[in-house]
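Note sheet for the following structure.
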Amino acid sequence: MLEIKDIFAKAGDKEILKNLNLSVKPGEVHAIMGPNGSGKSTMGNLLAGMPHVTATSGSVTYQGKDLLQMEPEDRAAEGVFLAFQYPVEIPGVNNMYFLRTAYNAQRKHRGEENLDSASFLRMVKEKIKQLHMSDDLLKRPVNVGFSGGEKKRNEVFQMAVLEPNLAIMDETDSGLDIDALRVVADGVNQLRSPDRSFIIITHYQRLLDYIEPDFVHVLVDGQIVKSGTKKLALELEEQGYGWLEN
Amino acid sequence: MAGLKIDWLAAANEANPELNWPAWMQAKKQSALENLSKLPGPHRKLELWRYSDAARLQKVELAAAVNMDRELPITEGAVVINLTAKGIDLSQNLPNWVSIKPIQELPENQWFELNVTSTLAKELVVQSLNQGLFTHGVVVNVSAAAPKDATVVLRYDIAEANNWSYLRNVINLAADTKVIIDEQFVSGRINVVNHYNVANNGHLTRHQHNVLESGQQHVSLQYFSLAEKSFVQSQSRHESGDLQHHIHWVDFNAENAEYRSGSVNKAGDNSHIADIVVVNHAFKNNVSDVTHRSLADDSAQIFNNAKAVVAKGADGSEIIQDLKNILLSSNAKIASKPELEVYADEVVAAHGSTIGALDEQVLFFLRSRGIGLEQAKAIMMVSFEQEAVIC
């Protein structure tokens, strides 16, 4: 599904990713761990197409296409989803309107007809019920007045509605209490399927107690220095990152 | 454009028709014209015209208007007053809570004069021109019998595209009256002065909708006199046009009144829009809260100005001025000026002004959900405007 090969990338003027390689197959869940400033979020932003993150060499192939040549909205329509570490607020624009606009924009990109309001409402109400979230969320302006946990839950809800093929979760667990963490993890687990892949960026092993990864990678100074199974996350929890940085 | 002169009297001789109006009103008009003969026309050295190209006022012919549908929805049951080139057109029988008369029937004691001791009042030359040349308008008296959601619509529909039309309206709210007044620009090259006279405990909700075509011009002065415990909320939308210049002038004439205004200004192409609010806190314990949101694209220019003057002894005044602006192109210009002039001792005042671009993080967020660049920008602009939508 995704092949990151020999990527060097800058965030602004600063080189962050240095020879990053990663291969993700359909249905796999990859956890990316690493110390602050190692390039985890830059990797997520590069994949989603954030403008100030640019690859200086290397390639990213997604479902056989050159991902780096695509606009952010085209990547989204092709099934790439980034759950933001710091979800933005959009006053005056309610979640329902925002989501329907996004949903229909993606359908248009794929040459499909718009979904009418009534059908869309039925669909999102079903999704929000499955995720055990309140449908009050739909009427509220995007993330305005939301708690940290609500914002992260809203990201998972958006993911559920947009049904991406590749979901990148950028520290979705940060700032969550244990109940919110469970809700978010349940949401992700419900969306796991043989043709949907996840890249889960996290600092802490605790999220991986709820979302079982197939692989755990450690990113240090812009490159993956170690890969393993969930056991690696437990080792990191005990020993920290120091032993990998030296 | 500094030093630009306009030959006011020549304009007056040409435009002022013979009107069989009361002598006192004719005297007011004559006095305004005589006063104008001593003044220069609007130019960039005047604070109110510093950021607008006043020379455009003299254009002989405006760009041809493209037929666009500017019919706005009208609330069911609203009293609609059409101000047309032919005069006043009332579309229905009037309910008992409102009376409407032509402006020449205005009682002399309801005539208003601005406080000319204010420096800015001396700059109101274009509005003085209105006093000299106004040809029609209405006096609207709303009584306390007005039902909930009582609405009066003032439609400016002057078909004449190139010659200036001068309109003057007086809207009186009796004590304890609650009403909605919608001002809608439909067509014409209009210089309008409105006097909103709000009596004790009066509650006015006012909407001003000025979406112009690229070649059109519109100049207005909205003057609000607020009595004790009265409340005014005023919502303006100014979009496009060749030139728009709008002044909201608020005088608190007693204590415990409140004025709130929200204003959205959107200019593209080579449009110039000025949105100026002057609030005079002459008495204690009054509140003014002014919010502007402006967006300028292409080579457009916008001037935002919120000025509050708090007189000596007007303690307990509360003032908020919140002006935020977004530049959508490198050639667009916005001047944004919150101003406080405080002579009282105990005043709560907050003012702020920002000018920036669309937030790139939000833009990326929207695009990352599949929304195209232009649609994402449009959503962000709607979001930005909403902050200034108060009623």
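The values are calculated or read from the model by the stated rules, or taken from the named source; none is laboratory data. If you're wondering where the values come from, they're calculated on a predicted model, not measured in any experiment. Cβ placement follows ideal geometry from the backbone for every residue including glycine, while neighbour counts extend to all protein chains displayed.
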Is the stretch A:183-199 home to any residue that is over 17 Å from the mean Cα position of the chain (by Cα), farther than 26 Å from A:Met50 by Cα and either among the charged types (D, E, K, R) or modelled with pLDDT under 90 (or both)? no
Being in a loop (DSSP other than H, G, I, E, B) and among the small types (Gly, Ala, Ser) is true for just one of B:Ser299, B:Ser261. Which residue is that? B:Ser299
Checklist (1) charged (D, E, K, R); (2) facing chain A (nearest Cβ under 8 Å); (3) over 26 Å from A:Ala77 (Cβ atoms) applied to B:Asp359, failing item: (3)
So is B:Lys266 surrounded by fewer than 19 Cβ atoms within 10 Å (Cβ to Cβ) and of a type outside the set (S, T, N, Q) or not? no
Being of a type outside the set (Lys, Arg) and part of a helix (DSSP H, G or I): is that true of B:Val126 here? yes
For the stretch B:375-388, state whether one or more residues are over 30 Å from A:Gln106 (Cα atoms), under 24 Å from the mean Cα position of the chain (by Cα), within 14 Å of another protein chain (Cβ to nearest Cβ) and in a loop (DSSP other than H, G, I, E, B). yes
How many residues are closer than 21 Å to A:Leu162 by Cα and part of a loop (DSSP other than H, G, I, E, B) if we restrict to the stretch B:348-374? 4
Filtered residue count, the stretch A:150-203, keeping only those that are away from chain B (no Cβ under 14 Å), over 19 Å from A:Thr42 (Cβ atoms) and not in a helix (DSSP H, G or I): 9
With respect to A:Ala55, is the statement that it is within 13 Å of chain B (Cβ to nearest Cβ) and small (Gly, Ala, Ser) true? no
Quick one: count up the residues across the stretch A:34-71 that are within 19 Å of A:Val24 (Cβ to Cβ) and in a strand (DSSP E or B). 9
Of the residues B:Asp289, B:Asp345, which is more than 14 Å from every other protein chain (Cβ to nearest Cβ), of a type in the set (D, E, K, R) and assigned to a strand (DSSP E or B)? B:Asp289
Since A:Ala83 meets every condition but one in (1) in contact (Cβ under 8 Å) with a residue 24 or more places away in the chain; (2) more than 11 Å from chain B (Cβ to nearest Cβ); (3) of a type in the set (A, V, I, L, M, F, W, C), which condition does it not meet? (2)
Among (1) in contact with a Pro (Cβ under 9 Å, 6 or more places away or on another chain); (2) assigned to a helix (DSSP H, G or I); (3) within 8 Å of another protein chain (Cβ to nearest Cβ); (4) not aliphatic (A, V, I, L, M), which single condition is A:Thr101 missing? (1)
